[in-house]
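I have placed the structure first, in the form of structure tokens, so that the comments after it can refer back to it.
The values are calculated or read from the model by the stated rules, or taken from the named source; none is laboratory data. Note that the structure is predicted; figures quoted are calculated from it, not measured. Methodologically, a virtual Cβ is constructed for each residue, glycine included, from the backbone with ideal geometry; neighbour enumeration extends over all protein chains shown.
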Amino acid sequence: MTHADTIVTNGRVLTMDDTMPRAEAVALAAGCILAVGGADEIAALAGAATEVIDAGGGSVLPGFVESHLHLFTGGAELNHLHLDGCDSEPGLRRLLGDYAARRPDLPLVVGQGPDYGLFAGVVPRLLLDDIVADRPVALMAHDHHTVWANSAALRAAGVLHGRQTPDGHEVVMGADGLATGELLEPEAYGPVLALSGYFRSMLGLSTGREPDPAPDAEQRASDLADLARGLAHANAAGITSLVNMDGNFYTLDLLEELRRRGDLTARVRVPFHFLPEMEMADLDAATEMTGRWQDDWLCSGFVKMFMDGVIDSGTAFMKHDYPDRPGWRAHGRFEADRFARIATEIDRRGLQIAVHSIGDAATERVLDGYAAARRANGDSGLRHRVEHIELIDPADIPRLSDLGLIASMQPAHAPGCCGVPHEPTLTKIGRPRWNDAFAWRRIADSGAALALASDWPVSDISVLRGIHAAVTREAWCDDVPNQRLTLDEALRGYTIGGAHAEHSEAKKGSLSPGKLADLVILDRDIEAVDPAEIEHMRVRRTICGGRTVFTAA
């Protein structure tokens, strides 16, 4: 008889396997699930060396699949000034001034997540100059699509007098002929962030290219530490698999080094990032990535693209004018015909596609491109993805399931959830369109496959906070239906749904014999607690590949 390496018992086991939805204990051996069942039958698999873990009556679930995050950037940002919830000028002055004084060593003072409203009606450069004038400062918006910089940063980066940028990226200029300090999208803010090593962590997101010049040994060690810090942060949230939504060879190379050291504590998927200025031949890099990295721990196999920006900065591509900016709808970063050709070629290569698409016009263009790929190549079964879907034309909702797509959405992004303010988002969407915004319930009811995520570091990585947001979200007004999900839908979105989205449901996403030994143990029974309490629950232990990678203190 095969003895278990580890047994998890005395838990409320939610398997996400419809053939046995609930159990009392789980046995693990050789990095896989040996058995799932009653406490007595699992106890019979114990040997002299078996580790027995008492779940203390808490929920035992498949390890969470984080379907959309930015690991390298998030790990780097854990060391920055965090301004989440900072929505007043006095608060900004105190926090930024104190942090800059404590860190005289920094070539660039970086803050994360100030409220957009802080810079409404002011020249950001001048406000920041009044707080810190003698050193470069850059504040990154929570959505990572806008940076606000002071004069020292703009001058050092060579953008104080403007910069030519691709369509959809902008150094906002003032009436005085100087940059206001508002930098929209990576090609605008990239030169500022390049003043520090932080920008290396963002290359997979901003350019998809490699660091040039190549990092020296000290810089590489710093980058490895950032990734390891990000992995530990994910493990603490119960995450055992994550889909990184930006990528280059450098990121994969660093992760490979962590694996060689035994420090890869979650399964990571990394794409090739295809930008509008690239050519079809650049997709050869995506094919090479897929050939070099394709196993249970580290793999590629997909291409990430951006069709638009975000609502709050007015860069999400809309079908109707922004209510606060008549005549402005933004635009798609790829023309319709070109996107269709690119999607068709990626699909032909057997690679999955994931496209950031927030506005309703952006999503329509993405769906049209996927439909063109299907007409040209037939149904590839690749389960192409639409990321975010914050505003959608009701006519496009059925197309998600009709085309066999993945609706990849982030519960923590909705206004009113996880501390996200209602404004300026609701005003920019416009009252007549609220029913079509963050329409999780309608999309789920359409039969579309859901994968849920945080988009960390845009939002808190906590899966429990994401589940809480998904099941407790309040309607914005009486005549807009509530879009919340059920607890089962939310749990599936972070487990078997996430595995399905990355074509790995045969190996993970549920607690079934033969699958990978990835589990999370919670401190309480998630089905028994009041839904309002879910965000206050804690991860007690995270197990990946049969190895404990996080234990709560």
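Some points to look at:
- Of the residues making up region 393-407, those that are out of contact with any strand residue (DSSP E or B) (no Cβ under 6 Å at 6 or more places or on another chain) and in a helix (DSSP H, G or I) are P394, A395, D396, I397, P398, R399, S401, D402.
- Taken together, the criteria exclude S446 from residues that are under 18 Å from V520 (Cβ atoms) and of a type in the set (G, A, S).
- Filter pass, I353 being touching a His at 6+ places or on another chain (Cβ under 6 Å), within 25 Å of N244 (Cβ to Cβ) and of a type outside the set (G, A, S): yes
- Within region 313-348, the only residue that satisfies the criterion of being farther than 30 Å from S241 by Cα, acidic (D, E) and touching a Ser or Thr at 6+ places or on another chain (Cβ under 8 Å) is D324.
- Options R375, R399: the member that is surrounded by fewer than 17 Cβ atoms within 10 Å (Cβ to Cβ), assigned by TED's automatic domain parsing to the domain that holds V463 and more than 22 Å from the chain's Cα centre (by Cα): R375
- Here A285 clears all of (1) closer than 30 Å to E423 by Cβ; (2) not in a loop (DSSP other than H, G, I, E, B) except the condition numbered (1).
- Residue list for region 166-187, filter: within 15 Å of S151 (Cα to Cα) and either assigned to a loop (DSSP other than H, G, I, E, B) or under 25 Å from the mean Cα position of the chain (by Cα) (or both): G174, D176, G177, L178, E182, L183
- Scanning region 1-32 for residues that are buried (at least 20 other Cβ atoms within 10 Å of the Cβ), assigned to a loop (DSSP other than H, G, I, E, B) and aliphatic (A, V, I, L, M) turns up A4, M16.
- All told, S201 falls short of being farther than 30 Å from I534 by Cβ, touching a residue at least 12 places away in the same chain (Cβ under 8 Å), part of a loop (DSSP other than H, G, I, E, B) and of a type in the set (S, T, Y).
- Qualifying residue in region 200-217 (condition: over 26 Å from S67 (Cα atoms), hydrophobic (A, V, I, L, M, F, W, C), over 17 Å from the mean Cα position of the chain (by Cα) and not assigned by TED's automatic domain parsing to the domain that holds S59): yes
- Applying a threshold of 9 Å to beta carbon distances and a minimum spacing of six or more residues, or different chains, the list of pairs starting in region 35-51 at a residue that is on the phi > 0 side of the Ramachandran plot and free of Cβ contacts under 8 Å to residues at least 24 places away in the same chain and ending at one that is hydroxyl-bearing (S, T, Y) and surrounded by fewer than 15 Cβ atoms within 10 Å (Cβ to Cβ) is empty.
- Region 486-511, residues that are part of a loop (DSSP other than H, G, I, E, B) and without any contact (Cβ under 8 Å) to a residue 60 or more places away in the chain: T486, E505, A506
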